[in-house]
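I have placed the structure first, in the form of structure tokens, so that the comments after it can refer back to it.
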Amino acid sequence: MDSISSIVILKAMDGLSMRAKATAQNIANANSPGYRPVKVSFEESLKAASKRSAQDIQNVQPQMFTVTSDNRDGDLRIDLEMAAATRTAGRYGTLAELLNRRLQLEALSVTGSR
């Protein structure tokens, strides 16, 4: 895995971490009157930046926004929030495992598999 891949993975983990916080906030406030759910977006900007340069990838920042009332997704559904939490945790875990394996391979190359 090259260094650009590592940078993309770390940025994706940042976005997924923010998404997990947003989902937790939505679940915690599900019964609060007038609460508007929040969402996080970062995939499209990360995808576009990954086609340009490592510096562009570093500059990507996940964006949290409140879902507006005129948006069909404005109504909070706890079942969908729980599904989103599960998907987010799975993706985060997969990316963490990729980084872990990379570190293991690098350690093997340094130690000569001793």
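We did not get these values from a lab; they are worked out from the coordinates using the rules stated. Because the structure is a prediction, the values reported are computed rather than measured. No Cβ is skipped: glycine too gets one built from the backbone with ideal geometry, and neighbour counts run over all protein chains shown.
Remarks
- Label zone (Lys47, point 7 Å along Cα-to-C-beta; backbone nitrogen cut-off 20 Å) within the stretch 10-34: 10-20.
- Only Lys, Arg (+1) and Asp, Glu (-1) charged, at Cβ; the chain dipole about Cα centre in debye: 200 debye
- Local electrostatic count at Ala84 - Lys and Arg +1, Asp and Glu -1, tallied over other residues with Cβ under 11 Å: +3
- If you plug the beta carbon distance of Met64 and Ser109 into 1/(1 + (r/R0)^6) with R0 = 41 Å, you get a FRET efficiency near 0.60.
- Span-like helix ranges in the chain, DSSP H, alpha carbon extent 30 angstrom or more, Kyte mean at least 0.0: 3-28, 78-111
- Cα lying deepest toward the dipole's positive end in the stretch 3-111, options Leu95, Pro33, Thr111, charges on Cβ: Thr111
- In this structure, Asp79 and Lys21 have a Cβ-Cβ separation that, at R0 = 25 Å, corresponds to a calculated FRET efficiency of about 0.80.
- Read-out Rg and Dmax of the Cα atoms in Å, derived from the coordinates shown; its label in (i) 13.4, 41; (ii) 17.6, 61; (iii) 19.1, 67: (ii)
- Percent RCO, i.e. relative contact order, over the chain, from Cα pairs under 8 Å lying at least 6 residues apart: 33 percent
- For Arg36, no residue has an amide H sitting under 5 Å from its own, ignoring neighbours fewer than 5 places away on the same chain, with H placed 1.01 Å from N.
- Computed over neighbours whose Cβ is under 11 Å from that of Val60, the net charge equals -1, Lys and Arg +1, Asp and Glu -1.
- Helical runs (DSSP H, four residues minimum) scored at -39500 (n - 2.57) apiece and divided by the length of the chain put the mean residue ellipticity at 222 nm at -22000 deg cm²/dmol.
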